[in-house]
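So the structure is just underneath, and the comments pick up after that.
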């Protein structure tokens, strides 16, 4: 017997029992995006590897360790997208929809990173991304944070907290990097292998280290805020003013630098203690230089991303449940000769009653087995079709103590509408 095949480690099936949770969350997200007038964009799963090297940064864990990269038959170097912002920017540049325009965009779909699988973090994961282009002021930063805050409220989540920071402009970061490198060099013997490799190319990433042995070293490092230019300070102050006015509580975390090279000025994360070590549910910030960096005309930009699996895990932990709509009607032909009539009636009912969930019995079987399947479906009622009175329908209630009803087939739609 051939060995059975299984899904790849860290890449999971979403089974029918779990799909309603995904669908309910996706519907909530679509409703939220519409409320804020953001438009959906869909980009390919596979992109040129160079796109992510240029955007994310070559000295990052994602590019160095986690990307699924391969050569196609033409010899082109391709990568399964590890995040969505770079693809969104690439598409905007390619189709000319960003230059001198304000664009509010969102997307949702699978991303791929070769990480160690654990709860809420998988090798194929799904991400919601929200991006705003063409707005330089902190008001859109605030809008993005307020949008994510609204999503938590609508989902009934209460244990998320907002961490906020600013990375300043490219010029202020350059000055800070000089001071930071000097500090790190004096403590070189305390740095781990990853940090030693990053000192020269991207020293800020040392501050993002998850190595607990370096916590004290990082805590005592020079503070980026001491080297901010005035415009960056003013931008950050405006953002805090907007958030204060909206009643959104936050904590300033000067060590928050994010794991992607393209961020500048505002960065933020929504974190929780309910998911263990992987506590970040939503993260984002401003990336004003990325459009130009990828070959477009300079355009300010800001956005955020949410890991869908992580958010669903959090909803499980907090007892926020999404349940599938139960079946309203189980339509059961009385005999083989009634199947044609049953299929036709089922389609007529679906046309007239789109709010009803209707399951047609298929596969035959004894009367006893058919009734068992009807009851197991969870349907509220059975509609018996055909038999001795082919022009009439018998309605049997499965979950209520009501007498069976006999209704003319032409009148069944009105009957169901009145009883719904």
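For the stretch 16-28, a residue qualifies if it is assigned to a helix (DSSP H, G or I) and either closer than 14 Å to residue 309 by Cα or free of Cβ contacts under 8 Å to residues at least 40 places away in the same chain (or both), and the qualifying residues are 19, 20, 21, 22, 23, 24, 25, 26, 27.
Okay, residues lined up against (1) surrounded by fewer than 19 Cβ atoms within 10 Å (Cβ to Cβ); (2) in contact with a helix residue (DSSP H, G or I) (Cβ under 9 Å, 6 or more places away or on another chain); (3) in contact (Cβ under 8 Å) with a residue 60 or more places away in the chain:
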| position | (1), (2), (3) |
| --- | --- |
| 144 | no, no, yes |
| 164 | no, yes, yes |
| 181 | yes, yes, no |
| 192 | yes, yes, no |
| 218 | yes, yes, no |
| 240 | yes, yes, yes |
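Answer with yes or no whether residue 392 is modelled with pLDDT of 90 or more and under 24 Å from the mean Cα position of the chain (by Cα). In short, no.
Checking the stretch 29-48 against the condition returns no match, with no residue being part of a strand (DSSP E or B), within 23 Å of the chain's Cα centre (by Cα), farther than 30 Å from residue 134 by Cβ and assigned by TED's automatic domain parsing to the domain that holds residue 298.
Per-residue answers, yes or no, for (1) modelled with pLDDT of 90 or more; (2) closer than 18 Å to residue 82 by Cβ:
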| position | (1), (2) |
| --- | --- |
| 244 | yes, no |
| 261 | no, yes |
| 268 | yes, no |
| 277 | no, no |
| 292 | yes, no |
| 296 | yes, no |
| 301 | yes, no |
| 305 | yes, yes |
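Would you be able to say whether some residue in the stretch 220-233 is under 23 Å from residue 85 (Cα atoms) and surrounded by 12 or more Cβ atoms within 10 Å (Cβ to Cβ)? The answer is yes; a qualifying residue exists. Inspect the stretch 179-189 for any residue being under 30 Å from the mean Cα position of the chain (by Cα) and outside the structural domain of residue 284 (by TED's automatic domain parsing) and give the result as yes or no. No, that holds for no residue. Just a yes or no: is a residue in the stretch 350-363 over 21 Å from residue 411 (Cβ atoms) and exposed (fewer than 14 other Cβ atoms within 10 Å of the Cβ)? Scanning the stretch 350-363 turns up at least one residue that is over 21 Å from residue 411 (Cβ atoms) and exposed (fewer than 14 other Cβ atoms within 10 Å of the Cβ). Of the residues in the stretch 80-102, at least one is buried (at least 20 other Cβ atoms within 10 Å of the Cβ), free of Cβ contacts under 8 Å to residues at least 60 places away in the same chain and assigned to a loop (DSSP other than H, G, I, E, B).
Is at least one residue of the stretch 139-150 assigned by TED's automatic domain parsing to the domain that holds residue 53, more than 18 Å from the chain's Cα centre (by Cα) and under 22 Å from residue 275 (Cα atoms)? Scanning the stretch 139-150, I find no residue that is assigned by TED's automatic domain parsing to the domain that holds residue 53, more than 18 Å from the chain's Cα centre (by Cα) and under 22 Å from residue 275 (Cα atoms), so the answer is no.
Can you find a residue that is assigned to a loop (DSSP other than H, G, I, E, B), closer than 22 Å to residue 66 by Cβ and in contact with a helix residue (DSSP H, G or I) (Cβ under 8 Å, 6 or more places away or on another chain) anywhere in the stretch 120-133? Yes; the residues of the stretch 120-133 include at least one that is assigned to a loop (DSSP other than H, G, I, E, B), closer than 22 Å to residue 66 by Cβ and in contact with a helix residue (DSSP H, G or I) (Cβ under 8 Å, 6 or more places away or on another chain).
The values are calculated or read from the model by the stated rules, or taken from the named source; none is laboratory data. Quantities reported herein were computed from a predicted structural model and do not represent experimental measurements. Cβ sites come from the backbone with ideal geometry, for glycine too, and all protein chains shown count toward neighbours.
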